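See below for the structure under consideration.
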Amino acid sequence: MSIRPVKWLVKSQPTLEGAGVRLRRAFGFGETGNFDPFLLLDDFRGDRPADYEAGFPWHPHRGIETITYVLAGTVDHGDSLGNKGTIGSGDVQWMTAGSGIIHQEMPHGNDRGQMHGFQLWANLPASLKMTHPRYQDVKAQDIPVAVEDDGTSVRVICGSFWGKNGPVDDVAAEPQYLDVFVPPGRRRSLPVATTRNAFAYVFEGSGTFANASEPQPVRTDVIGGTEGYFADNRSLLVFDSGDEVTVQAGEQGIRFLLVSGRPLHEPVAWRGPIVMNTDAELRQAFEEYRNGTFLKHA
């Protein structure tokens, strides 16, 4: 087995989105090659309703999939196809925008005013850009959890891991989307296929991710004699090639998203909520949105 070296570590940045939602953006609207097939990851959390309740009113998407994972609070959603519902704590909504959809997402805090969730955007290949829109709504109790003897637990949202199969299927990029917890002081190696791009996003606790090379990290610690990257809350780690990610949990343990996917290796033409392959396709999409012909499937 070969440890995936860490290319870099950065902190997610404060960003204002929607009608005034304060969130943290881990990556997005920049260079896409290192994250292919993923485009964006937002971390929206807070305990002040004024920071999130304005929400994300009606807006279009085309050419991508949006994955919403809620940890606290709820998100009400509705769309131009007539779908509507609420995503609660631990739930996931995997929306394939395909040829085009107009929807809204309105977050609400729990009884203590807390709201926490993530939204990940995954690109669609050219052959599926204009596919029929669809939803895969997954309740918390339907997401399997793999648990090891040392207390390490992994919620398998999509893909296969440690003998568990996630409930989200038939996704173009064949992603693996995991919610990982490693208990205090424990060291864990997690397999990741060498054919995939991969990143981790830490949202609770801290730990050190082993490194197989000699990087110039934000901070180095020693992990089993190998230099590594120390990562805590709101840290994004982007990995190079290899077939496993190894982490040493800190005093309070560590919890992070571990996401990987098969790269598409296709050109990206991107503006706002619409992602196509060429500028001409992008211009056409916005023109159709303006003239009322954006929606292709009822």
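The values are calculated or read from the model by the stated rules, or taken from the named source; none is laboratory data. In this text, all values refer to a predicted model and were calculated from it rather than measured experimentally. Neighbour counts are summed over all protein chains in view; Cβ atoms, including those assigned to glycine, are modelled from backbone coordinates with ideal geometry. Side chains included, ligands, DNA and RNA excluded: accessible areas come from the protein's heavy atoms. Shrake-Rupley method; radii C 1.70, N 1.55, O 1.52, S 1.80 Å.
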| Taking region 53-75 on its own, how many of its residues are in a strand (DSSP E or B), of a type in the set (Gly, Ala, Ser) and either on the phi > 0 side of the Ramachandran plot or in contact (Cβ under 8 Å) with a residue 60 or more places away in the chain (or both)? | 0
| request: Kindly indicate whether any position in region 48-56 is crowded, with 16+ Cβ neighbours inside 10 Å, in contact with a Phe, Trp or Tyr (Cβ under 7 Å, 6 or more places away or on another chain) and of a type in the set (A, V, I, L, M). | output: no
| said: For region 149-166, give me each residue that is touching a Phe, Trp or Tyr at 6+ places or on another chain (Cβ under 6 Å) and not aliphatic (A, V, I, L, M). | reply: Ser153, Cys158
| Within region 177-214, which residues are hydrophobic (A, V, I, L, M, F, W, C), in a strand (DSSP E or B) and open to solvent by 10 Å² or more (accessible area, probe 1.4 Å)? | Phe181
| request: Go through region 57-72 and count every residue that is open to solvent by less than 30 Å² (accessible area, probe 1.4 Å) and over 14 Å from the mean Cα position of the chain (by Cα). | output: 5
| query | If the Cβ limit is 9 Å and pairs must be 6+ apart or interchain, which residue in region 180-198 that is at positive phi pairs with which residue that is open to solvent by less than 50 Å² (accessible area, probe 1.4 Å)? | reply | Gly185/Ala249; Gly185/Gly250; Gly185/Gly253
| message | Please list, ordered by residue number, the strands (runs of 3 or more DSSP E) wholly in region 4-45 having 2 or more residues that are without any contact (Cβ under 8 Å) to a residue 40 or more places away in the chain and surrounded by fewer than 21 Cβ atoms within 10 Å (Cβ to Cβ). | response | 13-17, 21-27
| query | Exactly one of (1) surrounded by fewer than 15 Cβ atoms within 10 Å (Cβ to Cβ); (2) more than 24 Å from Ile254 (Cα to Cα) is unmet by Asp149. Its number? | reply | (2)
| request: With the checklist (1) in contact with a strand residue (DSSP E or B) (Cβ under 7 Å, 6 or more places away or on another chain); (2) outside any strand (DSSP E or B); (3) not aromatic (Phe, Trp, Tyr) in hand, flag the one item Ala50 doesn't pass. | output: (1)
| note | Over region 111-146, the set of residues closer than 30 Å to Asp47 by Cα and open to solvent by 40 Å² or more (accessible area, probe 1.4 Å) is Asp111, Arg112, Gln114, Tyr135, Asp137, Lys139, Gln141, Asp142, Val145
| Unmet requirement for Gly228, which otherwise passes all of (1) open to solvent by 20 Å² or more (accessible area, probe 1.4 Å); (2) more than 20 Å from the chain's Cα centre (by Cα) | (1)
| message | Are there strands (runs of 3 or more DSSP E) fully within region 76-172 with at least 2 residues that are under 21 Å from Val192 (Cβ atoms)? List them. | response | 92-96, 115-123, 145-147, 153-158
| message | Just the residues that are under 17 Å from Gly117 (Cβ atoms) and in contact with a Pro (Cβ under 8 Å, 6 or more places away or on another chain), please, taken from region 1-22. | response | Gly18, Ala19, Val21, Arg22
